[in-house]
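Below is one structure, written out as structure tokens, with a few remarks after it.
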């Protein structure tokens, strides 16, 4: 699986993942995931709402890589935050993926618009089923996504198994200090979605200068920074060349000063607030 880190569940997770958000179901998603596995990625991140689980499953099957050598994540969407909802949603995801189990299953969003007043109870119910699915062997590890500290604290009140992972927006200039500190203090691994920002870093002069200094691309510098912070970045690309480039980051060692510069990079897009978003 390449370089991995152990989660509180006892399982290993590869420190670099391949994101599939906005990879259209069909040839685009299928070919990019196949290319990623061929390039050496062993960690694939999808979600029910990405609507590409079938292509992900097909690429996994056709890759020729044994299932146990791959780490597959999918996520529970906002319309299924209940015990029965989670049960049906996981079964549907496994069916679309063509898999017997997923390595990691995440509650995608802590506070959907439809559950503004009942999110705490809804998350607890979904989590209860997810814990049972671990016992049943349908999921290896459970976690969350986009959870802030108060969402994590609320889940803790009823959880038997603590979340092993919190997948949040982390990128240059986009550092969620409070959540990062809380997760690190509580043994929750942080995954970085959109680790290359929303594309702004490619026009950023500071990032360009750092890329020149290290003889790497801007994307490689951003991903190396993510790793150096202890995050698991999930870059997404549908271009073969970039898929390979995004893996060539393990020999890049940033200075403490450069890490700090990247952490506080100005002009990056805002972090979404899950308590006020419109879905």
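Out of everything in segment 244-264 that is in a loop (DSSP other than H, G, I, E, B) and without any contact (Cβ under 8 Å) to a residue 24 or more places away in the chain, what residue ends up being nearest to residue 205 (Cα to Cα)? Give the steps one after another, and end with the answer.
Quick first cut of segment 244-264, residues in a loop (DSSP other than H, G, I, E, B) only: 246-255, 264.
If we keep only those that are without any contact (Cβ under 8 Å) to a residue 24 or more places away in the chain too, we end up with 251, 255.
Working: 251: 23, 255: 18 Å.
Residue satisfying both the conditions and the ranking: 255.
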Exercise. Within segment 189-216, track down each residue that is over 19 Å from residue 243 (Cα atoms) and surrounded by 22 or more Cβ atoms within 10 Å (Cβ to Cβ).
Key: 189, 207, 210
Self-check item: Complete set of residues in segment 147-176 that are in contact with a helix residue (DSSP H, G or I) (Cβ under 9 Å, 6 or more places away or on another chain), part of a helix (DSSP H, G or I) and surrounded by fewer than 22 Cβ atoms within 10 Å (Cβ to Cβ)
Solution: 149, 152, 153, 154, 155
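Has segment 232-243 got any residue that is over 27 Å from residue 40 (Cα atoms) and either in a strand (DSSP E or B) or out of contact with any helix residue (DSSP H, G or I) (no Cβ under 9 Å at 6 or more places or on another chain) (or both)? I'd like the intermediate steps shown before the answer.
As a first pass, look at segment 232-243 and keep what is over 27 Å from residue 40 (Cα atoms): none.
No, every residue in segment 232-243 fails to be over 27 Å from residue 40 (Cα atoms) and either in a strand (DSSP E or B) or out of contact with any helix residue (DSSP H, G or I) (no Cβ under 9 Å at 6 or more places or on another chain) (or both).
Could you grab me the full set of residues in segment 220-231 that are within 17 Å of the chain's Cα centre (by Cα) and either free of Cβ contacts under 8 Å to residues at least 40 places away in the same chain or part of a helix (DSSP H, G or I) (or both)? If you could, list the steps in order and put the result at the bottom.
In the first step, residues of segment 220-231 are kept if they are within 17 Å of the chain's Cα centre (by Cα); the result is 222-231.
Within segment 220-231, 222, 223, 224, 225, 226, 227, 228 meet the criteria.
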Quiz prompt | First in segment 265-279 and within 14 Å of residue 196 (Cα to Cα), second anywhere and surrounded by fewer than 14 Cβ atoms within 10 Å (Cβ to Cβ), Cβ under 8 Å, 6 or more apart | solution = 268/198; 269/198
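Select, from 164, 171, the only residue that is in contact with a strand residue (DSSP E or B) (Cβ under 6 Å, 6 or more places away or on another chain) and touching a residue at least 60 places away in the same chain (Cβ under 8 Å).
164
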Quiz item: Looking at segment 252-262, is at least one residue within 30 Å of residue 112 (Cα to Cα) and exposed (fewer than 15 other Cβ atoms within 10 Å of the Cβ)?
Solution: no
Practice problem: Could you run through segment 231-243 and say how many residues are under 16 Å from residue 14 (Cβ atoms) and out of contact with any strand residue (DSSP E or B) (no Cβ under 7 Å at 6 or more places or on another chain)? | Solution: 1
Quiz item: Given 90, 152, 94, 115, which one is closer than 26 Å to residue 176 by Cα and touching a strand residue (DSSP E or B) at 6+ places or on another chain (Cβ under 8 Å)?
Solution: 152
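No value in this document is a laboratory result; all are computed from the given coordinates. This structure is a prediction, so every number in the text was calculated from the model and none was measured. No Cβ is skipped: glycine too gets one built from the backbone with ideal geometry, and neighbour counts run over all protein chains shown.
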